[in-house]
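The structure appears below as structure tokens.
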Amino acid sequence: MNNYDAVTWSTVFKAMGVHQPEIDVWATITSHVIHKDTFDGGDEELAQFLGQCVHESDFFTSMEENFNYSPEGLIATFGSQRVSQAQAQALGRVQGQHAANRQGIANLVYGGEWGRTHLGNTQPNDGWDFRGSGWIQTTGRDNFARAEKDTGFPFTSNPDLMRQPGVQALQAQISWWKRNITMEMLTDDVALRKKVNTKGLGLDHTRSLTTAARTVISTLQG
């Protein structure tokens, strides 16, 4: 792809199934951030980046992890070692009784020793402050701090920047990608998917989205 203006990005996003309201938000932002030399792997890496991001963000409609779990879903997602039955009942969404305590869930599942070891979360509210955010759901104080170091934007003191449409959020996603995705992964989409989503969920959908991105990008040459 040789042109990286807002019109071109609108074409790419539309071909991937992104709806017009989200295209209107992101096409111009993306034109300011992603250019010909952004990815060492060229158009192929760009296609794979877009496929993962469009899937993770539900076609750019979700910029943060919502934690709207039922008790059963909470335990199924995070495991009984991290969430007890009592905690799940107290925090999860119970019809006719109470909504999910989203902040409480985030601080539980991304806090404590697990959060400290895996995410660098050290403060009581870090699980919530540094919940999955942005196109690719960057998670944890350590990852926000790495994005801050790479981009110069104050993500640790103002984590909402990661969740708001803007060049800051998009540059953070590129920062995470470049730190975590190797060139070898571009030929192994199973390994790539597991790096983005530790359980490898959504592989078929990301494959489909990547193919769509690859196809439209190839038509935009010249």
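Here are some notes:
- Between A99 and N3, the FRET efficiency estimated from the beta carbon spacing at R0 = 45 angstrom works out to 0.45.
- The phi-based Karplus calculation (6.51 cos²θ - 1.76 cosθ + 1.60; θ = phi - 60°) puts the 3J(HN,Hα) values of segment 160-174 at 5, 4, 6, 9, 9, x, x, 5, 4, 4, 5, 5, 5, 5, 5 Hz, whole numbers, x for Gly and Pro.
- Per-residue HN-Hα couplings for segment 115-132 [Karplus 6.51, -1.76, 1.60; θ = phi - 60°; Hz; x = Gly/Pro]: x, 5, 6, 9, 10, x, 7, 10, 9, x, 9, 4, x, 7, 4, 10, 5, x
- Cβ-defined net charge surrounding F59, 14 Å radius [Lys, Arg +1; Asp, Glu -1]: -3
- Simple spin-label estimate for Q164 and K36 in nanometres, 7 Å along Cα-Cβ: 3.4 nm
- Per-residue Karplus couplings for segment 65-75, computed as 6.51 cos²θ - 1.76 cosθ + 1.60 with θ equal to phi - 60°, are listed in order as 5, 9, 6, 8, 9, 6, x, 5, x, 5, 5 Hz, Gly and Pro entered as x.
- Theoretical gain in end-to-end length, T28 to T198 [0.36 nm per residue, Cα-Cα removed]: 58.1 nm
- Using every pair of separate Cα atoms, the Kirkwood estimate puts the hydrodynamic radius of segment 71-129 at 11.5 angstrom.
- Rounded to the nearest 500, the 222 nm mean residue ellipticity of the chain from helices alone is -16500 deg cm²/dmol, with -39,500 (n - 2.57) taken per DSSP H run of at least 4 residues.
- Net charge of the neighbourhood of I29, taken over other residues with C-beta under 15 Å away and scored Lys/Arg +1, Asp/Glu -1, is -2.
- Taking a Cβ cut-off of under 15 Å around F39, the surrounding Lys, Arg, Asp and Glu residues balance to a net charge of -3, with basic ones at +1 and acidic ones at -1.
- Spatially, segment 12-53 and segment 71-119 are offset by 34 Å when compared through their Cα centroids.
- Cα-projected label distance for H19 with L220, points at 7 Å along beta-carbon direction, nm: 2.2 nm
- Here the calculated FRET efficiency for E113 and M183, from their Cβ-Cβ distance with R0 = 45 Å, stands at 0.85, rounded to the nearest 0.05.
- Residues with amide H under 5 Å from that of E64, placed H, sequence gap 5 or more: G134
- Theoretical FRET efficiency, 1/(1+(r/R0)^6), r = Cβ-Cβ of K149 and Q81, R0 41 Å, to 0.05: 0.80
Quick note: the coordinates plus some simple rules give every number you see, no bench work behind them. This one's a predicted model, so the numbers in the text were calculated from it and none came from an experiment. Positions of Cβ are backbone-derived with ideal geometry, glycine not excepted, and every protein chain shown enters the neighbour counts.
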